[in-house]
Each structure stands twice: as C-alpha cells, then as structure tokens.
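K.L.:
Sending over a structure as structure tokens; questions will come in a sec.
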C-alpha cells in the first residue's frame, strides 16, 4: 500500500497542530489536553511503518485528532464555531448559551475512529465482519466510559477551576452521560453503515 496519502494527511495534521499553538489562548489548559494527542500521533506514526490501517481508517483517526487539536486550543468550552459559521451566512439558530463543540467531538469520536476499530477487530479478534463491527462498537463505548472516568478522576486531584477548564462541563451535571450517549449514537450510525454495506456486498448479513 502506498504511504503517500498517509504522509500528506499526517503533514496536514502536524500543520494544524503547529497553528493551534500560535498565540495560545489558554496555554496551560491547552497543554493539559494533549495526553490523548500524544497517543493518537504515536498510533499514526507507527502505522506509517506497520501499515495496520487502510487510508480510510488512517484519515478517520487524523480527522478526529484535528478536531481535538482545535478543541484543545479553546479548551472546548470556547471554540468560536459560531463566529466561523457566521462568515458563511445566517446561522442564528446556532447561537445558544452553551458551546456545543465538545458534543460534536464526542459524536464524531464514535464515527471517525470506527473504521480503525473495525480493522483492528478483524485483525486481532475475529475475521467475521459483523462480529468485528460489534467488537468495534463495544470498544467505542468502553473508550468513552474510560475517558469520562478519567475526567472524573481529574476532578479529585486538580483544583475546581482547573478541573472545570479541562472537563468543559459548562455547569451541566449530566455532561458525562450526554457525551457517552453521543459517542454511542455516532458509533451506532457507523456500525449500521458497515452492516448494511456488508449485507449488500455479500448478499447475506452474517457471511464470513
């Protein structure tokens, strides 16, 4: 498999990362957000040598990473997406009291990482497509839960101000539940797509 596509995608991702650190808005808080960034970058770099993922799966991980990098710059709670969209026309219906960028990222966590998780499942767990899709769906839910538990753990060791800045709850007591629900919704849509495509391609749903 030619790596040129992946190298271009990784270069664009690196450029976005650099741009997000120009005149940082919340320098300390932005740095705290980068634990997940390091893991995803390491995964992408390893894939250039190991070639674990298809171009689609690689692109999905990179797109999610780009969304996270943008969110981290504004610690999610202050991403000016309303101002960005306003340049394209009248988006008054998007003007809400809460910043919903983090909700979007949790939803797309379940969508963009799904191809990579399906391919991982096909390689390491089962060769059956439907079972691999199910394992990938479960991995999204497990990952979402672990992340929310991680955020809860931070509230125990950080100051209330730092914890609020990192978690981006914006005063919503049900923030973790909604985030997990959105990740589940995104992964369910992605799983449905894979199952329907498999069914149409093979002529039966539970084919090997």
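The values are calculated or read from the model by the stated rules, or taken from the named source; none is laboratory data. Source: prediction; values computed, not measured. Ideal geometry is used to build each Cβ from the backbone, glycine not excepted, and the neighbour counts take in all protein chains shown.
K.L.:
Specify which of the listed residues (205, 200, 149, 182) is modelled with pLDDT of 95 or more and either assigned to a helix (DSSP H, G or I) or touching a helix residue (DSSP H, G or I) at 6+ places or on another chain (Cβ under 9 Å) (or both).
P.N.:
Being modelled with pLDDT of 95 or more and either assigned to a helix (DSSP H, G or I) or touching a helix residue (DSSP H, G or I) at 6+ places or on another chain (Cβ under 9 Å) (or both) holds for just one of 205, 200, 149, 182, which is 182.
Condition check ((1) touching a helix residue (DSSP H, G or I) at 6+ places or on another chain (Cβ under 9 Å); (2) farther than 14 Å from residue 116 by Cα) across all residues:
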residue: 38; (1), (2): no, yes
residue: 42; (1), (2): no, yes
residue: 56; (1), (2): yes, no
residue: 74; (1), (2): yes, yes
residue: 81; (1), (2): yes, yes
residue: 85; (1), (2): yes, yes
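K.L.:
Which members of the stretch 29-55 meet the condition of being within 11 Å of residue 6 (Cβ to Cβ) and not in a loop (DSSP other than H, G, I, E, B)?
P.N.:
If the condition is that a residue be within 11 Å of residue 6 (Cβ to Cβ) and not in a loop (DSSP other than H, G, I, E, B), then 44, 45, 47, 48, 49, 55 are the ones that fit.
K.L.:
Name the residues in the stretch 6-20 that are surrounded by 14 or more Cβ atoms within 10 Å (Cβ to Cβ) and farther than 13 Å from residue 68 by Cα, would you?
P.N.:
Scanning the stretch 6-20 gives 6, 9, 10.
K.L.:
Given the criterion surrounded by 12 or more Cβ atoms within 10 Å (Cβ to Cβ), assigned to a helix (DSSP H, G or I) and modelled with pLDDT under 80, identify the matching residue among 108, 70, 85, 104.
P.N.:
85
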